[in-house]
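First up is the structure itself, then whatever we jot down about it.
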Amino acid sequence: MNAGPPTGPARTPARPGPTALVGPIALVVAALVLAVACSSGDSSSGTTTTTAPRTTTTTGGPPAGATEQGLRSLEVGQCFDLPKDDPEADDRAVWVVQCTDPHTHEVYDLVRYEGPVLKGGGYAGTAAVQDWAEQACFGRFEAFVGIPWTRSSLEIETWWPSEESWGRGDRTVICTVFPESGGATAGTQRGTKR
């Protein structure tokens, strides 16, 4: 079972963000600039001038026909993709698509958090809220897919309230299914017994 708080799902090890490449890229560019500066450019001296290669970046953008929607405003039965160009955004916004189109996730339940709380209704902590949320989604999986999660080729991804969102009144747990392979699927997973 995979899970993650609204501040970032914990389904796989964290993906390096674009800033993780800044250091190595800066080092390569600095080395190339130094090589150019040390080069006289005089062809009779047996040296050559080196220029830094141009680097371009492309982003995946939204899938065809997708609309951006806040994660916390998803409804049961909606299908979506996580943003590929901003891994940190998947706790805030997703690309909603028709379930008949290729997609990675499908919302199969929204559950109101009814687990442990601190005295006075305070946030019980990430571990307690995460555990309750994962168990709640696990318990609803078979009714949606048609077979137990342990026999399924689908995985569960769960988003739960963070301490920050809890302070704003958020008590919603979002239960989603996605292919174990990590690829896309088309159509609803309801009753597929996959």
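The values are calculated or read from the model by the stated rules, or taken from the named source; none is laboratory data. Keep in mind it's a predicted model, so treat the numbers as computed, not measured. Here the Cβ is made from the backbone with ideal geometry for all residues, glycine too, and neighbour counts use every protein chain on show. Note: accessible area is taken over every heavy atom of the protein model, side chains too, but ligands, DNA and RNA are not part of it. Shrake-Rupley method; radii C 1.70, N 1.55, O 1.52, S 1.80 Å.
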Scan of the stretch 76-99 for residues that are of a type outside the set (D, E, K, R) and either at pLDDT 95 or above or surrounded by fewer than 19 Cβ atoms within 10 Å (Cβ to Cβ) (or both), ordered by number:
V76, G77, Q78, C79, F80, P87, A89, A93, V96, V97, Q98, C99
Which of the residues spanning the stretch 136-180 are more than 25 Å from R92 (Cβ to Cβ) and part of a loop (DSSP other than H, G, I, E, B)?
G146, I147, P148, S152, S153, E180
The lone exception for R72 - which of (1) modelled with pLDDT of 85 or more; (2) open to solvent by 60 Å² or more (accessible area, probe 1.4 Å); (3) part of a loop (DSSP other than H, G, I, E, B) it fails:
(3)
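Which one of G183, G139, G121 is of a type in the set (G, A, S), without any contact (Cβ under 8 Å) to a residue 24 or more places away in the chain and open to solvent by less than 50 Å² (accessible area, probe 1.4 Å)?
Result of the check over G183, G139, G121: G121.
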Only residues that are in contact with a Ser or Thr (Cβ under 8 Å, 6 or more places away or on another chain), under 16 Å from I174 (Cα atoms) and surrounded by fewer than 18 Cβ atoms within 10 Å (Cβ to Cβ): list them for the stretch 100-118, please.
L110, R112
Among A133, A124, A128, which is at pLDDT 95 or above, in a loop (DSSP other than H, G, I, E, B), among the small types (G, A, S) and on the phi < 0 side of the Ramachandran plot?
A124
